Amino acid sequence: MGFFDSLFGKREKPYVTTPQVTPEKSKEIDDKIRAMIAGGTAGGHEDVPATACSSCASAGSGCDPSGCSACGGGLDDALRALERKNSAAKANETQETIGWDAITETFEKYYPDQKTPLHFAPEVSWAMGGSDPLDGISVYDAKEYYHFVTYGLSELYGKESDNLAYSGYGLEFTLKLAKEGLGETPMEVNRELRNVAGILQSLARMVFTQGKTFAPDEYIWSGQTTGIDAEGKSNIVGFITRLDNAGIVETPHGWVKFTELIGVTEAELEGIKNDWITVPQLFQALGTELTMYDRISMM
């Protein structure tokens, strides 16, 4: 059980997303995203007719001369079968990670020297009955902070949903955790990194099990006062959201927006809840997109 699982479980009606984001506003955000995507073109190829022999054409299909016994490609049956098997395996391998690769390629543009970032993955996947819905969480080292990105809220492998505009839930989480305040030893830092990975899994679990989605300019609040750090001592108890600088990417499975989480205090969340300040105003006042465990509350 992760941080937000336990905290939300203590409230009969936990505050999850801000009422400032109405269904109309959410639709407006999605419409803007669709408009951005419509400005570009998706990669693809027009259908190319295959050369057909009389035997294949009669079956209504194209013909690969190297693998068709009627055409006599000059290869024996065993070799032709092996080539077809290898070709199919390569095609399947490419298809299976196409969504995953789109996320990786997006962040490699920002961190070209980090081809193998720190990565957290569940021992047992969600598909195999595990409790963690995200297939993975990568953590890039950005000198002053650690940049987390999730894999699993979008369609990482084959296309499963009927919605061609969205890839899965249409989002992935990101979070930029400031290094200051995480501890002095590698063990302390590792503990905090794992703790954040657990929080991301908890939020993703809410998406999977409760159908909650998290868009930019919302807030996430459990209503508790315990800090989100591993020891629960930080003033940071929840998050506001914004669109990560990575923005929105269009994949063969549909678009994905990277929703960034920014840690905020109880007083700041109270301010949003009571309409003293909006999420964009708070973000502007913070002057940073980093989650900083030891910062002083703005309110």
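Derivation of every value follows stated rules applied to the coordinates shown; laboratory data play no part. No experiment lies behind these values; they were computed from the predicted model shown. Cβ sites come from the backbone with ideal geometry, for glycine too, and all protein chains shown count toward neighbours.
The order of Phe258, Phe120, going from fewest to most other C-beta atoms within 10 Å of their C-beta, is Phe120, Phe258. What whole number of Å gives the distance from the Cα centroid of the range 103-137 to the Cα centroid of the range 167-205? About 12 Å separates the Cα centre of the range 167-205 from the one of the range 103-137.
What's log10 of I(q)/I(0) for the range 130-186 at q = 0.23, 0.27 Å⁻¹, Debye sum over Cα points only, no solvent? Treating every Cα as an identical point scatterer, log10 I(q)/I(0) equals -0.92, -1.07. Placing a label point 7 Å from the Cα of Met128 along the Cα-to-Cβ direction, the residues of the range 198-212 whose backbone N falls under 20 Å from that point are 198, 201-202, 205. Geometric descriptor of the range 224-271, per residue, is 106 Å³ (volume of the convex hull of the Cα atoms). Cβ crowding within 10 Å ranks Ser161, Ser138 as Ser161, Ser138, fewest other Cβ atoms first. Exposure proxy shown here: for Asp294, Asp275, the number of other Cβ atoms within 10 Å sets the order, fewest to most, as Asp275, Asp294. When the square roots of the Cα gyration tensor eigenvalues are ordered a ≥ b ≥ c, the ratio a/c for the range 187-299 is 1.5 or more and a/b does not exceed b/c, which makes its shape oblate. When only alpha carbons of the range 237-299 are considered, Rg and Dmax amount to 13.7, 44 Å. Sites listed here are GluC sites (Glu not before Pro) in the range 139-204 whose DSSP assignment is loop and whose Cβ has at most 12 other Cβ atoms within 10 Å: Glu144, Glu160, Glu180, Glu184.
For the pair Thr209 and Val189, what calculated FRET efficiency results from E = 1/(1 + (r/R0)^6), where r is the Cβ-Cβ distance and R0 = 25 Å, to the nearest 0.05? Efficiency for this residue pair is about 0.25.
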